[in-house]
Amino acid sequence: MERQQLSTRCLIIGSGPAGYTAAIYASRANFSPLMIEGDQPGGQLTITTEVENFPGYHEGVQGTQLMEDLRKQAERFGADIRGGFVTEVDFSKRPFRVKTDNGLEITADTVIISTGARARYLGIPDEDKYNGMGVSACATCDGFFYRNQSVAVVGGGDTACEEALYLSNIAKKVYMIVRKDHLRASKVMQKRVNDKDNIEVLYNSNTVGLFGDGVVQGAHLVEHKGTDREREYDIAIDGFFLAIGHSPNTAVFKDYIDLDEQGYIKVQGASTRTNVPGVFAAGDVADPTYRQAITAAGMGCKAALDVERFLLEGE
Ligand code: NDP
């Protein structure tokens with residue numbers, strides 16, 4: 001593979017709302033940022049449908065369109081946006097060194113990590129088949145489309161409870177599909193779920209398939225799998241929401257950057273500083289709590305301002 005050497009004052013890794021916003025700010029501050037898009041250009045929003053809660057789009061916007069708009073805005077101010085996936089980093093000394101799978105070898109004075117997180121899926125083939133056609137991993141993004149319909153949320157943690165509660169105010173009926181005989185969520189969340197008349201928790205249940213003509217119309221479940229009480233049954237649903245956790249995309253940074261026990265990048269206080277001076281983090285990769293496009297964008301802005309301060313003032 002032909003290798004290409006590049007050098008930048010500010011390298012942005014990842015092209016979700018955090019990365020693009022950082023690119024807009026860093027370009028306007030004249031730092032000519034270089035962005036490496038990653039393996040899902042545009043990030044998680046490119047796999048949802050309509051986004052109705054991003055301020056400024058009063059009639060909603062397709063996720064792909066929103067990301068294209070952000071990209072154009074970054075390019076307008078001179079951001080250099082390249083394809084590729086970062087495979088190797090050396091943050092042991094400055095300038096930092098980064099390599100990509102398509103042959104780029106980059107030296108950078110500062111780095112903003114905005115590689116995001118990905119929702120975990122069960123791994124059954126029907127999740128791919130019905131992706132965007134009833135399968136979602138984000139109730140706040142897609143829940144609105146299930147007004148007065150029936151939906152299921154998979155998982156028994158705080159996220160699953162939160163998603164189920166959110167959906168219970170929109171949908172007619174919400175099932176929670178929980179593989180154990182209890183919820184893992186905090187007691188307060190369990191109580192809220194139990195207090196909702198239209199949420200039914202299906203314990204000891206695993207999803208083995210989905211069915212429907214083009215769109216999800218139901219799920220095949222199995223109860224007490226692998227025991228003599230095993231029973232297969234179906235539920236009729238229009239939406240199937242995964243809430244079995246997220247994984248931040250931090251594997252390539254773990255030798256240099258301090259991560260929390262779930263793998264999210266630790267940032268210092270209200271800043272976007274990591275433990276390595278000159279390396280900053282923004283968006284879902286450093287935020288297990290809010291995980292919204294607008295909060296990621298806000299953090300991308302902060303990261304670019306932190307870079308500016310770092311470059312102008314030094315450590
Ligand atoms: P968790 O890891 O806490 O829960 C994941 C849930 O998904 C568990 O019930 C787990 O089941 C289930 N699960 C995992 N894999 C599978 C599978 N293959 N099939 C079926 N079920 C599966 O993740 P969350 O995203 O819920 O929470 C992450 C962290 O964020 C937690 O610390 C949580 O407390 C926190 N959080 C706090 C909130 C709040 O306080 N308001 C809101 C949201 C998150 P099992 O229990 O059997 O392992």
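Read the figures in this text as sums done on the coordinates, not as results from a lab. Note that this is a predicted model, so its numbers are computed, not measured. We place every Cβ from the backbone using ideal geometry, glycine too, and count neighbours over all the protein chains shown.
Could you work out the equivalent-ellipsoid semi-axes for the chain, taking the square root of 5 times each eigenvalue of the Cα gyration tensor, largest first, in whole Å? Let's see the in-between values first.
Details: eigenvalues 311, 77, 66 Å².
Value: 39, 20, 18 Å, ordered largest first.
For the chain, list the cysteines whose Cβ sits under 4.7 Å from no other cysteine Cβ?
When partners are defined as cysteine Cβ atoms under 4.7 Å apart, the chain leaves C10, C161, C301 without one.
Taking Cα pairs under 8 Å and at least six residues apart, what relative contact order does the chain come out at, in percent?
20
Among DSSP beta bridges lying fully in the chain, give the percent that are antiparallel, nearest 5.
Working: 27 of 61 bridges.
Of those bridges, close to 45 percent are antiparallel.
Do any of K187/K302; K196/K266; K72/K266; K173/K302; K129/K187; K180/K302 go past 32 Å between their Cα atoms, and which? Please list the in-between numbers first.
On the way: K187/K302 35 Å; K196/K266 36 Å; K72/K266 30 Å; K173/K302 40 Å; K129/K187 35 Å; K180/K302 41 Å.
From K187/K302; K196/K266; K72/K266; K173/K302; K129/K187; K180/K302, over 32 Å: K187/K302; K196/K266; K173/K302; K129/K187; K180/K302.
Among all helices in the chain defined by DSSP H, which have a length of 18 Å or more along the axis from Cα atoms plus a Kyte-Doolittle mean of at least -1.0? Before the final figure, lay out the partial values.
Working: long enough: 63-76 (20 Å, -1.44); 293-313 (30 Å, 0.76).
Taking the DSSP H segments of the chain (at least 18 Å long, mean hydropathy at least -1.0), we get 293-313.
How would you classify the range 199-315 from its alpha-carbon gyration tensor, with a ≥ b ≥ c the square roots of the eigenvalues: rounded for a/c under 1.5, else prolate if a/b is greater than b/c, otherwise oblate?
On the way: a/c = 4.23, a/b = 2.63, b/c = 1.61.
It comes out prolate by the Cα gyration axes.
What are the residues whose amide H is under 5 Å from the amide H of Q217, where those residues sit 5 or more places off or on another chain and H is modelled from the backbone?
F211, G212
Which listed residue (C141, V111, P125) has the Cα farthest towards the positive end of the charge dipole for the range 35-160, taking +1 on Lys and Arg C-beta and -1 on Asp and Glu C-beta about the Cα centre?
Of the listed residues, the answer is V111.
Taking every pair of Cα atoms in the range 1-154, average 1/r, invert it to obtain the Kirkwood radius, and report Rg/Rh to two decimals. The partial results should precede the final answer.
On the way: Rg = 17.9 Å, Rh = 17.1 Å.
So for the range 1-154, dividing Rg by the Kirkwood Rh gives 1.05.
Which far-off residues, 5 or more places away or on another chain, put their amide H under 5 Å from the one on I112, with H placed in the peptide plane?
Distant-sequence amide H within range of I112: L11, I12, I13, F280.
Extending each Cα 7 Å along its Cβ direction at K191 and E75, get the distance between those two points in nm, one decimal.
Those two pseudo-labels are separated by 5.3 nm.
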